[in-house]
Amino acid sequence: MKKKVFFKTFGCRTNLYDSQVMMSTMKDYDITENEDEADSIVINSCTVTNGADTNVRSYISHIEKTSKAKVFLTGCGAHTKGEKLLEEKRVHGVFGQSEKGKIDRLLKTEKPFYNPGDLNHIDESVVDDFVGKSRAFIKIQEGCNFRCSYCIIPFVRGDARSMDESRILEQVARLALNGFGEFILTGTNLGSYGQDTSTSLAKLMKHISAIRGVRRIRLGSVEPIQVTEEFLELLDEPWLEKHLHIALQHTSPKMLKNMNRRNVYKQDKELFELLQSKGFAIGTDFITGHPGESEDLWEEAMSNAKDLPLTHLHAFSYSKRDGTPSATMKPEVNGKLAKQRLHEIESLIKEKNYAFRKAYTGELEVLVESEKDGLFVGYDQHFNKILIESKEDLHGNWITIKDYEVREENNYAKL
């Protein structure tokens, strides 16, 4: 009987993809979705904030109390905290993202080891399936050339580099043959795809859309300056999800400068209004409480946020990341105040999302992803959640819903 491995993934969609690569590469072990059964546990870590590191350490503490499994650490945290965790004998092995294709050999290593790998590595893995998923995540690039003042990621993922297009298309084709219809393109800095290989994200999406079985393409996150004229020409394509996540991080020009961001609020607003006119739901990232965020700048940011046609939000209060310029900036913002501001902007965008869903009168194209508490859970073309009551098993199905109820938290339908 093969030994069992449990994968615990923290952080972004890129990590989700990397975990799937390890699962698909593994031949000498069985995958378990129950950590209590595991002989080995692989933690794919996030280190975007000090808080993310704390979450990983807390999980390791949980394992130490409940399991005798060998613990292995990979992901971004391998580069920032891995060596120390190994010295403390809290993990058996540490390996970087570039080493994930060697997962069988790494899990068999008897002696504790530290192998951070190569930050210039380009992933050549091809994934045939996604365990427990209805949508497929496709990593198209790695690394980032931006140097935002609060961010450690370029130092643990390396500079931007693109995956080979032929391998990306091969992977999409294989997954489409295996029944996947929705593909989520992901990467550390998605919009930089092709800058080093004389192509572009827009060209790649066109090529993916031509593959038989591809029904919907969704993007993880792009920067405003990466939404080019070539990209805008795709907005009317039926295969492009009517939801774009465009990272702003803030809406105060002074705060954007403090954060060493490349976007300009006035241009951001023009872009968002164009997308709104095309019927898109629009999400963004936002940081509250970054050093230097005075009450006046916060009020300016909220005023600007009210003017933007936002519908989705991935926001968090600033958490100091050691080794970044922001970590030494003054004046610092009280953590409690940063949380209050976080709740304020979350409440605003929640209202905007509700208004967007109430105003929309068309049909919903839904991919049903899971079942919970007797209801099926899916997401429509605007990336809004819908709960569905049905006697039929809808899991993994595409359905068109004409009649549904718009509730404050989500949409609801009875079929």
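Readers should treat all values here as calculations from the given coordinates under stated rules, not as data from a laboratory. From a predicted model like this one, the values you see are computed outputs, not experimental measurements. Cβ sites come from the backbone with ideal geometry, for glycine too, and all protein chains shown count toward neighbours.
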> Here are several values of mean projected area of the Cα convex hull in nm²: [x] 20.6; [y] 24.0; [z] 18.4. Which one was derived from the coordinates shown?
Replying inline: [x]
> Of Val48, Val91, how do they rank once you tally other Cβ atoms within 10 Å and put the fewest first?
Replying inline: Val48, Val91
>> Under the rule a/c < 1.5 gives rounded, and otherwise a/b versus b/c splits prolate from oblate, where does region 267-405 land using the Cα gyration tensor?
In response: prolate
>> Projecting each Cα onto the charge dipole of region 215-318 (Lys/Arg +1, Asp/Glu -1 at the beta carbon, about the Cα centre), which of Ser294, Ser252, Thr284 comes out farthest on the positive side?
In response: Thr284
> If you rank Arg216, Arg161 by fewest surrounding Cβ atoms within 10 Å, what's the result?
Replying inline: Arg216, Arg161
>> Distance between the C-alpha centers of region 350-415 and region 31-98? Whole Å please.
In response: 36
> With the dipole of region 295-415 worked out from charges on the C-beta (+1 for Lys and Arg, -1 for Asp and Glu) around the Cα centre, which of Phe376, Asn397, Gln340 lies farthest toward the positive end?
Replying inline: Gln340
> Looking at this model, which pairs from Lys89/Lys339; Lys27/Lys111; Lys3/Lys89; Lys100/Lys320; Lys139/Lys206 are more than 26 angstrom apart at the alpha-carbon?
Replying inline: Lys89/Lys339; Lys100/Lys320
> Cross-link partners among aspartates and glutamates for Lys266, C-alpha distance below 20 Å, same-chain residues fewer than 8 apart left out?
Replying inline: Glu223, Glu229, Asp285, Glu293, Asp296, Glu299, Glu300, Asp307
>> Placing unit charges on C-beta atoms (Lys and Arg positive, Asp and Glu negative, everything else neutral), compute the dipole magnitude of the chain about its Cα centre in debye, rounded to 20.
In response: 800
> What nm value, rounded to one decimal, do you get for the distance between Arg174 and Lys65 when each label is placed 7 Å out toward the C-beta?
Replying inline: 4.1
>> How are the alpha carbon pair distances in region 364-414 distributed across 10 Å bins from zero to the largest one, expressed in percent?
In response: 28, 64, 8
> So for Leu308, Leu244, fewest C-beta neighbours within 10 Å to most, what's the order?
Replying inline: Leu308, Leu244
> What residue among Thr199, Thr54, Pro112 has its Cα farthest toward the positive end of the dipole of the chain, where the charges are +1 on Lys, Arg and -1 on Asp, Glu, each on the Cβ?
Replying inline: Pro112
> Which translational diffusion coefficient, to the nearest whole µm²/s, is obtained for region 4-115 from the Stokes-Einstein equation, given a Kirkwood hydrodynamic radius over C-alpha pairs, 10 °C and 1.306 mPa s?
Replying inline: 116
> If you check each cysteine of the chain for another cysteine whose beta-carbon is under 4.7 Å away, which ones come up empty?
Replying inline: Cys12, Cys46, Cys76, Cys144
> Leaving out same-chain residues fewer than 8 places away, which aspartates and glutamates sit with a Cα under 14 Å from that of Lys391?
Replying inline: Glu371, Asp373
> What share of the DSSP beta bridges in the chain is antiparallel, in percent to the nearest 5?
Replying inline: 30
